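Readers should treat all values here as calculations from the given coordinates under stated rules, not as data from a laboratory. Treat the numbers as computed from the prediction; the structure is a model and nothing was measured. All Cβ positions, glycine included, derive from the backbone under ideal geometry; neighbour counts span all protein chains shown.
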Amino acid sequence: MERHILGYSDPNGFDVICNRTTCHDVVSVPFSSSAPPSSTRLSVADVKALGPRQNVGELEAKVMSRAAVSKIVLVKKEECELKEIWVSDGTGEMKLTLWDSLISEVQTSKSYSFSNLSTQEQSGEIRLTTTPSSKMKEIPPLDVPDRDDDPVDSASSATLRGVVSGIQIIARHRCPKCHSLQNHFIPKSITRRKMTFALVCKLHISKSTYGGVLVLTTDQGDNSLTR
């Protein structure tokens, strides 16, 4: 049976459609049941065998010493920071995209348990990304050999020397409960309005993350460095 994206606006997106007149009976099937990926711990090899847009309940892996890539991207007209890292558990290696607050919680060569991840497909390869409900915690070190080479991406580095001509610091305040951005709020107010969803959340705190852009002027011109 072919997989489709589920959506009420497109009936063809469903594998099976049921309505009020649909009947069902309990029957026996000639195979055993298996838990969905979203409720079990998977290995990197298991995740690579999944398709895109699949939930991954838990993955234990080590953060590799490969070149990480940080970016500032626009999501629904809001600037968000992401960081692409490499993780491995001994069964394979793959990219994991971290978003916003999770970026600062991960350290190279340490092992973590990641939960509530999602798969994506890019250039024909399956990779992982964190979601608003993703969580992570440090675990005892996994016995995985580290490697700092990157034969797939061949990330290059360069040394720049010049004068810092500009700095832009970006602060993002995010609700730790619903993960939406908090904009234009009064810091000492009990209620803080989230402009993205037009909701009111009664919280006394917000989780803040910081990023920025540094403009370095060299003999070849201006260069923007993003963090």
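How many nm separate the modelled label positions at SER104 and ILE17, each set 7 Å beyond the Cα in the direction of the Cβ?
4.9
List the residues whose amide H sits under 5 Å from the amide H of ILE139, counting only those 5 or more places along or on another chain, with H placed 1.01 Å from N in the peptide plane.
Amide H to amide H, under 5 Å and 5 or more residues apart or across chains, ILE139 pairs with SER111, TYR112, SER113.
Gain in length, THR131 to THR159, computed as 0.36 nm per residue apart minus the alpha-carbon separation, to one decimal in nm?
Extending this stretch completely gives an extra 6.7 nm.
Once the Cβ-Cβ distance between ASP46 and SER208 is put in as r, and R0 is 35 Å, what FRET efficiency do you end up with, to the nearest 0.05?
0.50
Run through region 56-146 and list the trypsin sites (Lys or Arg not before Pro) located in a DSSP loop whose Cβ has at most 16 other Cβ atoms within 10 Å.
For trypsin sites (Lys or Arg not before Pro) across region 56-146 that sit outside H, G, I, E and B with at most 16 neighbouring Cβ atoms in 10 Å, the list reads LYS76, LYS77, LYS110.
Which pairs in the list LYS95/LYS137; LYS83/LYS110; LYS76/LYS135 are over 21 Å apart, alpha-carbon to alpha-carbon?
Checking Cα-Cα distances, LYS76/LYS135 exceed 21 Å.
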